[in-house]
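Only the coordinates and a few stated rules stand behind these numbers; no lab work does. Quantities reported herein were computed from a predicted structural model and do not represent experimental measurements. Glycine also receives a Cβ, built like all others from the backbone with ideal geometry; neighbour counts cover every protein chain displayed.
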Ligand SMILES: [Fe+2]
Ligand SMILES: [Fe+2]
């Protein structure tokens, strides 16, 4: 069993490692593939984090300043990720946006692991930290479920592909 703090910190390192790999990658295609992965990872992380961690913390402490600011950072990070995901990874501007993403992300993670964790540790006991950790894993797995639109699209592609084959199932 892991506490919510350990789970969040591990997720943060995972995403920063993906960004490191993108920065080192020479291939624009690989950069685009990896930014999609980073976006998916982070979207699941942030949604679950808001739901199981920020929400009860906000209810318990009545804090709006710190958590409100942190929520806004999630939106900013998401917008940067979307622009990278849909932009051309061959541009110099794309690499500039990537560096901006790293800057915003590192600042957000530092705020979360220092100030938000401190606020939580003052309000949640150990049992709650483990319980919220378990909820985080469960919530993330719920977001990771195949999106029905994607499932339908891949089924449609299979069918179209099947039409051109001499034999199919
Ligand atoms: Fe986080
Ligand atoms: Fe966050």
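Quick notes on this structure:
- Point-to-point label distance, residue 96-residue 30, nm (Cα→Cβ direction, 7 Å offset): 2.6
- Order of 71, 53 - criterion: other Cβ atoms within 10 Å of each residue's Cβ, fewest first: 71, 53
- The long axis of helix 4-24 is offset from the longest Cα principal axis of the chain by roughly 40 degrees.
- Relative to the longest principal axis of the Cα atoms of the chain, the long axis of helix 148-163 lies at roughly 10 degrees.
- Residue exposure proxy: 114, 47, ordered by other Cβ atoms within 10 angstrom of their Cβ from fewest to most, comes out as 114, 47.
- Separation between Cα centres of the range 73-107 and the range 31-53, rounded to whole Å: 13
- Normalising the average separation of contacting C-alpha pairs (under 8 angstrom, six or more residues apart) by the number of residues puts the relative contact order of the chain at 38 percent.
- Stretching residue 103 away from residue 61 to a fully extended chain increases their span by 12.2 nm, per 0.36 nm per residue minus the current alpha-carbon distance.
- Crossing angle, helix 65-86 versus the chain [Cα axis fit, 0-90 degrees, rounded to tens]: 10
- Taking a ≥ b ≥ c as the square roots of the eigenvalues of the alpha carbon gyration tensor, the range 4-163 is oblate, as a/c is not under 1.5 and a/b does not beat b/c.
- Near-label residues of the range 1-33 by backbone N, under 14 Å of a point 7 Å along Cα→Cβ of residue 134: 1-4
- The stretch between residue 115 and residue 16 holds 33.7 nm of extra length on full extension. This uses 0.36 nm per residue minus the Cα-Cα distance.
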